[in-house]
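Trainee: Below are the structure tokens for one structure; questions will follow.
The values are calculated or read from the model by the stated rules, or taken from the named source; none is laboratory data. All of these numbers come straight from a predicted model, not from anything done at the bench. Cβ coordinates were reconstructed from backbone atoms using ideal geometry, including for glycine residues, and neighbour counts include every protein chain displayed. Surface accessibility is based on the protein's heavy atoms, side chains included, excluding ligands, DNA and RNA. Shrake-Rupley method; radii C 1.70, N 1.55, O 1.52, S 1.80 Å.
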Amino acid sequence: MTDHSDAPHSRAAIPLAPSLDSTLAEAHLPRRFRPLDRRVLGITLAAMVLGAAVAGVARLLTALIGLITNLAFYGRWDTALSSPAGHHLGLWVIAVPVVGGLIVGVMARWGSRAIRGHGIPEAMEQILLNESRIPPRMTWLKPVSSAVAIGTGGPFGAEGPIIATGGALGSLIGQLAHVTADERKTLLAAGAAAGMAAVFSAPVSAVLLSIELLLFERRARSLIPVALAAFVGTGVRYLLEGNEPMFPMPDIATPTFGALAVYVLLGLILGVVSVGVTKLTYAIEDGFEKLPIHWMWWPAIGGLAVGVIGYFQPLTLGVGYANITAAISGQIGLVGLLTLCIAKLASWSIALGSGTSGGTLAPLFTIGSTLGGAMGLLVATALPALHVDPRLAALVCMAAIFSGASRAFLTSVVFAFETTQQPHGLLPLLGGCAAAYLVSGLMMRNTIMTEKIVRRGVRVPSDYSADALDQILVRDACSREVVSLAAEQRMGELRAWLASAGDVAKHQGFPVLDASGKPLGVLTRRTLFDASVPDEATVGSLVQRPPLAVHEDHTLREAADHMVEADVGRLIVLGEGRSPQMVGILTRGDLLKAHAQRLREARRASRYLGRAK
């Protein structure tokens, strides 16, 4: 280090006074990062209570959907979840979804426009832009509007609205309690995970969905509450409805090598299909935007399409969970699979594009499973030596289309396993979903979950990587040769030296030392050249705040956070030991330089074959 009096000269590292040591340790050092603390316990308990509540709401919502379905299509008072496909309404069935669309349009116009759509993009937007604060009225507007839309024949699943409702409940708790924005986000994700787990009895994939689409991170302090919320939500479902898989199917055999290759090829095809489905859905939505009528009426127009398609293909009406089970169990023939696939795609894409309230998971699973089952039947018939199982092809494609459309890759793989409990399907699922993800990523920039909010200017994270600053210690990035200033020096002399000393005086910040060598603070060039400061003033008189410091074994992430919180551009670096010494200085420029290694590793391609160090 260099101390400036009449001229700079080298000095050894400067010990800090014991009194200053405790002050720095208590007030002027960054906080050590802790993966878990006591606050996590409170958030976890709240998340578990939330999980039980959301599971109850899921039960109530499915009962409400069942009640509306039975009243609208069968004229009976019954809360059992029934398929509208067995109705005897004739042509009047076309009017039922139109009435449902009118009701949803009115609720959106005078309740909240946010109920339109499937809910996950809206939750993502609130997380990214509004500190996870969802309006409280959404806790009842979303489930009721969705129950009306689905109960009157809308081709949606109940899982999307329940996920959105669970997230809204979590956000509400986070707004009522004294929590941080990060903790509120965790509660929102916990509610969403509990909702998905309660519908599908798929707790692990529910947690993965929260990580891939809502949390945008994988940290212990958020993962644990979300996991336990999903655990409780699934437990309540077991208590109320039993522990049978959501989509039971006959046991499948271990696939052969040839069959595995076919399943990966099917995944590639479904990746292309997922891109087409996403573009089709948003093209229809863009078409509705051009209509010369108020958006309140659009869901009724979408309902008209749903009714017409449902008249010719009744299986497209309602949630359609039974259709998925039939497709992956081999209970539908080739023509039936292709017909249902095309009709469901048309009905769902038009309804969703019209801005009604409903989910995307079950429709995508229906489209993927029916298309996959049809292609599996064709391959099994044409090339029997490959031993392709059409049921397994349907299962792989069911997951692959969601993997490609949403890029929730791990969610797709685990979900298909959890909802069928077929362990021999895991390897084909892994290959097929990865292939779909690859094709989708190459062909489409955004996803079915993010396109809407990206259009509104929201930047959605897609790849999660370790924080580069959290992997580098201060000792490896700080500047060791530090020019320091003497507190008793007059400003006139100092300015003359700064103007003539060359490179050694071109730093933007300088530590100020007293006569005993103790750091008093840090001054910037702007302060030193302030015209309002007279030449007779001493350097020490300009110090307004004590020095902010960081230890050598702190990470650059901790140091960067310390800079941001204190609104400074440089920190004094302290060495090890009971009497730490000032051994360097860390600046914002040093933080930027620390990214150089990360950029080199990501962008510089080279060959190297040598002895490991």
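Trainee: From Ala385, Ala351, which residue is open to solvent by 10 Å² or more (accessible area, probe 1.4 Å), at pLDDT below 95 and either under 25 Å from Ala202 (Cα atoms) or assigned to a helix (DSSP H, G or I) (or both)?
Mentor: Ala385
Trainee: Can you pull out every residue in segment 522-541 that is surrounded by fewer than 19 Cβ atoms within 10 Å (Cβ to Cβ) and either in contact with a strand residue (DSSP E or B) (Cβ under 7 Å, 6 or more places away or on another chain) or without any contact (Cβ under 8 Å) to a residue 12 or more places away in the chain (or both)?
Mentor: Listed by number, the residues that qualify are Thr524, Arg526, Asp530, Ala531, Ser532, Asp535, Glu536, Thr538, Gly540, Ser541.
Trainee: Also, I was wondering about something else. Pull out all pairs, ordered by first then second residue, where Cβ-Cβ is under 6 Å, the residues are six or more apart or on different chains, the first lies in segment 366-382 and is over 10 Å from Cys341 (Cβ atoms), and the second is open to solvent by 40 Å² or more (accessible area, probe 1.4 Å) and in a helix (DSSP H, G or I).
Mentor: What qualifies is Leu377/Leu334.
Trainee: Mind listing whichever residues of segment 357-371 are closer than 23 Å to Ile115 by Cα and either open to solvent by 10 Å² or more (accessible area, probe 1.4 Å) or assigned to a helix (DSSP H, G or I) (or both)?
Mentor: Residues satisfying the conditions are Leu361, Ala362, Pro363, Leu364, Phe365.
Trainee: Could you tell me which numbered condition Leu102 fails, if it satisfies all but one of (1) in a helix (DSSP H, G or I); (2) more than 18 Å from Ser347 (Cα to Cα); (3) touching a residue at least 60 places away in the same chain (Cβ under 8 Å)?
Mentor: Result: Leu102 passes all but (2).
Trainee: Would you be able to tell me the number of residues in segment 414-445 that are outside any helix (DSSP H, G or I) and without any contact (Cβ under 8 Å) to a residue 60 or more places away in the chain?
Mentor: 1
Trainee: Here is a further query. Of everything in segment 329-343, what is assigned to a helix (DSSP H, G or I) and open to solvent by less than 20 Å² (accessible area, probe 1.4 Å)? Give them in sequence order.
Mentor: Within segment 329-343, Leu337, Leu340, Cys341, Ala343 qualify.
Trainee: Is it the case that Arg237 is open to solvent by 40 Å² or more (accessible area, probe 1.4 Å) and on the phi < 0 side of the Ramachandran plot?
Mentor: Taking the combined requirement at face value, the residue does not satisfy it.
Trainee: Another one. Residues that are touching a His at 6+ places or on another chain (Cβ under 7 Å): which helices (runs of 4 or more DSSP H) entirely in segment 109-193 hold 1 or more of them?
Mentor: In segment 109-193, 159-176 are the helices (runs of 4 or more DSSP H) which contain 1 or more residues that are touching a His at 6+ places or on another chain (Cβ under 7 Å).
Trainee: For the condition of a type in the set (A, V, I, L, M) and open to solvent by less than 10 Å² (accessible area, probe 1.4 Å), what is the one hit in Ala346, Ala393, Ala326?
Mentor: Ala393
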